[in-house]
Amino acid sequence: MAYQAKVVEAEIVSDNKQNGFFEIVAVLSDRNRCRISFERNPETGEAKATHINRLYTVPCGICKKDYLCYCLNRYMDVLGEQALEVAGVTKVS
Ligand SMILES: [Zn+2]
């Protein structure tokens, strides 16, 4: 079955206006939390997810491990998009 977690909460936790990097901590509908790093294109202002890290609060929603795994990497783009939306970040500034 495909993984279908949704971002239900998202909060910007750091924002570096100088280099365009910022991070959002997102809570997923399966209670997983992850930190997603974004980079803004200096010319277009478009935000793009570059890294995703699961925070080890609950076992992974995909593989059920409670330690390091990289399952969410495959969903970085879709979760990144949702996190931007929930956090109220405009994709293009
Ligand atoms: Zn996993």
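Can you give me the distance in nm between label points at Lys17 and Leu55, each placed 7 Å from the Cα along the Cα-to-Cβ direction? About 2.5 nm, to one decimal. Taking θ as phi - 60° and the Karplus parameters 6.51, -1.76 and 1.60, the scalar couplings of the range 71-85 work out to 3, 5, 4, 5, 10, 4, 5, 6, 5, x, 4, 5, 4, 4, 5 Hz in sequence order, x denoting glycine and proline.
Select from Ala49, Leu84, Cys63 the residue farthest towards the positive end of the dipole of the range 7-87; place +1 on Cβ of Lys and Arg, -1 on Cβ of Asp and Glu, and compute about the Cα centre. The one lying farthest along the dipole's positive direction is Cys63.
Quick one: how many lysine pairs does the chain have with C-alpha atoms less than 30 Å apart and a gap of 8 or more or different chains? Give me the count, please. For the chain, the number of qualifying lysine pairs is 10. Sorted fewest first by neighbouring Cβ atoms within 10 angstrom, Cys69, Cys60, Cys34 come out as Cys69, Cys60, Cys34. Dividing the radius of gyration of the alpha carbons in the chain by their Kirkwood radius gives 0.98 for Rg/Rh.
Would you mind finding the longest exposed-site-free stretch of the chain, with exposed trypsin sites (Lys or Arg not before Pro) meaning DSSP loop and at most 15 other Cβ atoms within 10 Å?
In the chain, the maximal stretch lacking such sites is 32-63.
Every read-out reported here was derived from the displayed coordinates using simple, explicitly stated rules and does not represent laboratory data. Just so you know, these numbers come straight off a predicted model, no measurement behind them. Counting neighbours? That spans all protein chains shown, and the Cβs are built from the backbone with ideal geometry, glycine included.
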